[in-house]
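Working notes, beginning with the structure itself.
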């Protein structure tokens, strides 16, 4: 079943877990992970679940995946972090959450 759950979209390589993260559906995230979804999956551009949660302005999924150990400072193929994506997407609530989790000295990295 994990093969089916981890199928990626043809054009960009998004998984079902990416889409549920973007929409903020933690119940579906739980279900997908229970059946073998890859929490570390990246699309063709290196975007993971934290990046898409930030794009979707979904602090609930940011928090959910942070609790599961996904790095809030992870970088995609262009070096962008979830914080970059929150700014780019005008995701104010997600940005506030991300800023609250990062010490000022870490912003330079």
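Just so it is clear, none of the values below were taken in a lab; they were calculated from the coordinates. Predicted, not measured: the structure shown is a model, and the values here were computed from it. Every residue, glycine as well, gets a Cβ built from its backbone with ideal geometry; the counts of neighbours run over all protein chains shown.
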Please give the helix 92-101 orientation as an angle from the longest Cα principal axis of the chain, in degrees from 0 to 90, rounded to the nearest 10. 80 degrees
Exposure proxy check on 20, 15, 10, 26: fewest-to-most Cβ neighbours within 10 Å is 10, 26, 15, 20
Using bins 10 angstrom wide from zero, how does P(r) for the stretch 2-108 break down, in % of all Cα pairs? 16, 51, 27, 5, 0
Where does each of 70-80, 50-60 land if you order them by average Cβ count within 10 Å, highest first? 50-60, 70-80
How far apart, in nanometres, would the label points at residue 90 and residue 45 be if each is projected 7 angstrom from Cα along the Cα-to-Cβ direction? 1.8 nm
